[in-house]
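Asker: Structure incoming, see below.
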Amino acid sequence: MEVIISRFNGKKRYTSKFNLALKPDLTVSEVLMLIKNSHDGSLSFRAGCRNGVCGICAVKVNNKSVLGCKTKVKDIVVDDKILIEPLDMFPVIKDLVVDIDNFIENNIDIRSAIVSSSTHKTSQEDMRHLDTVSNCIQCGICFSSCDVLNVNQSFIGPAALLRAYRCVTDKRDGLKNQRLKHYNKENYAWDCTHCENCTTLCPQGINVSEHISSLRKELIEQGLKSKGSSHHLAFLKSINKHGLLNEASYPFFSINFNPLRLKEVLPVGLRMLRKRKSPGIFHKPIKNIEEVRKLFREVKE
Amino acid sequence: MKVAYYPGCVAKGACKELDLSVRLVLERLGIGVTELDTASCCGAGVMNEVKPKLNHVLNARTFSMAEKLNLDLMTICSTCYGRFKSSNQYIKQNLDAINKEIKKIKTSYNGNVKVKHFVEVLNDYGLDELNKKVKKPLRTLKPAVVYGCHLLRPHAVENNIMENVCKSLHSKPINFESKGRCCGFPILMTNRKTSLKLAGKVLTDAIDNGANCLVVSCPLCHMNYDSLQPEVEKVLGRKIKLPVLHLSQLIGLALGLTMEELGMDKHIVDCDKVYHLVHL
């Protein structure tokens, strides 16, 4: 098997290739240790618990971000080759070792520790919920594979938003209102596109994307205003009225007819009109719309 | 072969050419459709952030229509596909609770509907069969196919299914790292610049890898890549002018249909170049 490793010595990037007879049951971390011990002592990488708990050994293997200690070579090898690279989105310090300071400091930004203010007794049900949202091991895989972060490094990222949601829903915490105001700002909850890379790659199996949705639900329920909440409320109103989205009118409701934001919708609208592509302004509701409206009235959640 | 056809919002609104071309292609292939014309929006990943239960209940109403027809439900949008797949999974696990709600509009759902994307229906039809129907081989086309997040995540279609369809039409899909990337459309109204940059990343990656058109499986992607391409160009400070085709239009070209029949004259980015390449 050919193992190709992306290297960096502080000055330049290069690759090292090793042809090895590997037992297919070896993990990626074990392969790296084997190379370091028997072939090239200068190779740098991180490995901690070797048991999927500490989250420090995340690397990119054949273009997929994984935990080295939980990934067997046989499950990821393609054409008898594996390419091991450092995680994307992090500055490389040496070889496969990346600088995770900014990622970890996001925890300070979102105040990741709860600040107890009440004597609320935590129920079994509360604990079950907190268990599912507290399983993050801070491996950085979601951060490195987030499509939004790739083009906007100011975005706080999936792991921090998951932690934010965890804090908001911890009934012992006394900062809920301050927290929500903070997470409602640009580059926080509303900037996720739900590309679901985080959910798909999370080695802990956390449905990160769905928890970000739940965080947004909290923001809307608290009545916090934002471009996101105004878009979402306009969207639901349109479905209630028409059954399908009225694409001619809802953009205007989404921007609340704000004259400063008309430039976002008018040029594209006119352009589509010229090509006779624009949806009709007079949008007839779907047949049986009363059924939809009835469900809107009856189902509150 | 017959399917229950769910067009969704965008194919009935800002991407009418998608509905038009899908119908034509299915007709030419002899695949029957019954349109679910009383169905509502899938929720598009928006409704579940305001009223998640209502979202599932409305989708159960839609599924019940396909179930009564005893047909697979076909979507032509990656977003509808992802939402429906997730919703169907949830509903099956909570059948009683959901049925209690849709009983109020005198309907019921037993959880028997299979959700399929247009590209999966083509795959079921058989790519060899599709290949036999080709009148105009697309040998000169090098499409960059993009899946739209929700054909891949959280529920993935068969590996390389889009590329395989393209190959059966004799086109040569490029190797392209961005095929699974996000188009940015979901945050167009919340963070416009990031949204356009996301679209730009895919469009430029396609050009830089030698594509002469982009082929999409989702009308929301089409909006960001085509209707908003002039804005993307502004944000990137780079000319793009890459024609963006719905998968159904690519197939339509191979079946010998014209630009007008397929609604390609409605696109913002001119598709003449693509048509001329095919009809060299």
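Asker: Here are the criteria: (1) at the interface with chain B (Cβ under 8 Å from one of its Cβ atoms); (2) more than 18 Å from B:Arg192 (Cα to Cα). Tell me which single one A:Asp191 does not satisfy.
Answerer: Of the numbered conditions (1) at the interface with chain B (Cβ under 8 Å from one of its Cβ atoms); (2) more than 18 Å from B:Arg192 (Cα to Cα), the odd one out for A:Asp191 is (2).
Asker: Name the residue that is surrounded by the most Cβ atoms within 10 Å (Cβ to Cβ), counting only residues in the stretch B:153-194 that are small (Gly, Ala, Ser) and closer than 20 Å to B:Lys116 by Cβ. Can you show your working first?
Answerer: Initially, the stretch B:153-194 is screened for residues small (Gly, Ala, Ser), giving B:156, B:168, B:171, B:178, B:180, B:184.
Imposing the further condition that a residue be closer than 20 Å to B:Lys116 by Cβ reduces the set to B:156, B:168, B:180.
Numbers: B:Ala156: 13, B:Ser168: 21, B:Gly180: 19.
Looking at the filtered set, the residue picked out is B:Ser168.
Asker: Give me a count of the residues in the stretch B:120-137 that are touching a residue at least 40 places away in the same chain (Cβ under 8 Å) and either under 16 Å from B:Leu257 (Cα atoms) or in a loop (DSSP other than H, G, I, E, B) (or both).
Answerer: 6
Asker: Got a number for residues in the stretch A:239-293 being at the interface with chain B (Cβ under 9 Å from one of its Cβ atoms), within 30 Å of B:Cys271 (Cβ to Cβ) and polar (S, T, N, Q)?
Answerer: 3
Asker: Sticking with this one: Could you list, in sequence order, all residues of the stretch A:113-144 that are of a type in the set (Gly, Ala, Ser) and either surrounded by fewer than 17 Cβ atoms within 10 Å (Cβ to Cβ) or touching a Ser or Thr at 6+ places or on another chain (Cβ under 6 Å) (or both)? It would help to see each step written out before you state the result.
Answerer: Step one: filter the stretch A:113-144 for residues of a type in the set (Gly, Ala, Ser), giving A:113, A:116-118, A:123, A:134, A:140, A:144.
Selection gives A:Ala113, A:Ser116, A:Ser117, A:Ser118, A:Ser123, A:Ser134, A:Ser144.
Asker: In this structure, does A:Glu218 turn out to be under 25 Å from the mean Cα position of the chain (by Cα) and within 9 Å of chain B (Cβ to nearest Cβ)?
Answerer: Numbers: under 25 Å from the mean Cα position of the chain (by Cα): yes; within 9 Å of chain B (Cβ to nearest Cβ): no.
Taking the combined requirement at face value, the residue does not satisfy it.
Asker: Answer with yes or no whether A:Ala234 is in a helix (DSSP H, G or I) and without any contact (Cβ under 8 Å) to a residue 24 or more places away in the chain.
Answerer: Numbers: in a helix (DSSP H, G or I): yes; without any contact (Cβ under 8 Å) to a residue 24 or more places away in the chain: yes.
When the stated conditions are applied, A:Ala234 passes them.
Asker: Quickly run through the stretch B:143-159 and pick out the residues that are within 14 Å of chain A (Cβ to nearest Cβ) and over 15 Å from the mean Cα position of the chain (by Cα).
Answerer: B:Pro154, B:Asn159
Asker: Go through the stretch A:70-96 and count every residue that is under 22 Å from the mean Cα position of the chain (by Cα) and in contact (Cβ under 8 Å) with a residue 40 or more places away in the chain. First the steps, then the outcome.
Answerer: The first filter runs over the stretch A:70-96 and keeps only residues under 22 Å from the mean Cα position of the chain (by Cα), leaving A:70-71, A:85-92.
Subsequent filtering for residues that are in contact (Cβ under 8 Å) with a residue 40 or more places away in the chain retains A:70-71, A:85-90, A:92.
Residues meeting the conditions: 9.
Asker: In addition: Tell me, which residue of the stretch B:171-194 that is more than 7 Å from chain A (Cβ to nearest Cβ) and assigned to a loop (DSSP other than H, G, I, E, B) is farthest from A:Val151 (Cα to Cα)?
Answerer: Within the stretch B:171-194, the first condition is being more than 7 Å from chain A (Cβ to nearest Cβ), and the residues that meet it are B:171-180, B:183, B:185, B:188, B:193.
Narrowing the set further to residues that are assigned to a loop (DSSP other than H, G, I, E, B) leaves B:171-176, B:183, B:188.
On the way: B:Ser171: 31, B:Lys172: 29, B:Pro173: 25, B:Ile174: 23, B:Asn175: 22, B:Phe176: 18, B:Cys183: 12, B:Leu188: 14 Å.
The qualifying residue farthest from A:Val151 (Cα to Cα) is B:Ser171.
Asker: Restricting attention to the stretch A:111-120, does a residue exist that is within 22 Å of the chain's Cα centre (by Cα) and within 30 Å of B:Arg192 (Cα to Cα)? Spell out how you get there, then give the answer.
Answerer: Here is the first cut: in the stretch A:111-120, the ones within 22 Å of the chain's Cα centre (by Cα) are A:111-114.
With the extra rule that they be within 30 Å of B:Arg192 (Cα to Cα), the set shrinks to A:111-112.
Yes, that holds for at least one residue.
Here is a yes/no grid of residues against (1) closer than 23 Å to B:Gln249 by Cβ; (2) buried (at least 24 other Cβ atoms within 10 Å of the Cβ); (3) assigned by TED's automatic domain parsing to the domain that holds B:His150:
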{"position": "B:Glu35", "(1), (2), (3)": "yes, no, no"}
{"position": "B:Val46", "(1), (2), (3)": "no, yes, no"}
{"position": "B:Lys51", "(1), (2), (3)": "no, no, no"}
{"position": "B:Ala60", "(1), (2), (3)": "no, yes, no"}
{"position": "B:Lys68", "(1), (2), (3)": "no, no, no"}
{"position": "B:Arg83", "(1), (2), (3)": "no, yes, no"}
{"position": "B:Gln93", "(1), (2), (3)": "no, no, no"}
{"position": "B:Asn110", "(1), (2), (3)": "no, no, no"}
{"position": "B:Asn131", "(1), (2), (3)": "yes, no, yes"}
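Asker: Yes or no: the stretch B:6-29 includes at least one residue that is among the acidic types (Asp, Glu), touching a Pro at 6+ places or on another chain (Cβ under 6 Å), more than 11 Å from chain A (Cβ to nearest Cβ) and more than 19 Å from A:Glu301 (Cβ to Cβ). It would help to see each step written out before you state the result.
Answerer: Of all residues in the stretch B:6-29, those among the acidic types (Asp, Glu) come to B:17, B:19, B:27.
Applying the additional criterion that residues be touching a Pro at 6+ places or on another chain (Cβ under 6 Å) yields B:19.
Adding the requirement that they be more than 11 Å from chain A (Cβ to nearest Cβ) leaves B:19.
Add one more test, that the residue is more than 19 Å from A:Glu301 (Cβ to Cβ), and what stays is B:19.
Among the residues of the stretch B:6-29, at least one is among the acidic types (Asp, Glu), touching a Pro at 6+ places or on another chain (Cβ under 6 Å), more than 11 Å from chain A (Cβ to nearest Cβ) and more than 19 Å from A:Glu301 (Cβ to Cβ), which makes the answer yes.
Asker: So if I check each of B:Leu20, B:Leu54, which one is farther than 30 Å from A:Ser229 by Cα and either aliphatic (A, V, I, L, M) or over 20 Å from the mean Cα position of the chain (by Cα) (or both)? Spell out the reasoning first.
Answerer: Working: B:Leu54 fails: farther than 30 Å from A:Ser229 by Cα.
Only one candidate qualifies: B:Leu20.
Asker: On to the next question. Which helices (runs of 4 or more DSSP H) does the stretch B:1-111 wholly contain that include 2 or more residues that are under 29 Å from A:Pro279 (Cα atoms)? Walk me through how you get there before you give the answer.
Answerer: On the way: elements: B:16-29, B:52-69, B:78-93, B:95-102.
Helices (runs of 4 or more DSSP H) meeting the threshold: B:16-29, B:52-69, B:78-93.
Asker: Still on this structure, please answer the following. Within the bounds of the stretch A:111-121, is there any residue that is at pLDDT 95 or above, more than 16 Å from A:Ala164 (Cα to Cα) and not hydroxyl-bearing (Ser, Thr, Tyr)?
Answerer: no
Asker: Here's another thing I want to ask about it. Could you please give the count of residues in the stretch A:265-285 that are crowded, with 19+ Cβ neighbours inside 10 Å and either under 28 Å from A:Glu221 (Cβ atoms) or charged (D, E, K, R) (or both)?
Answerer: 1
The values are calculated or read from the model by the stated rules, or taken from the named source; none is laboratory data. This structure is a prediction, so every number in the text was calculated from the model and none was measured. All Cβ positions, glycine included, derive from the backbone under ideal geometry; neighbour counts span all protein chains shown.
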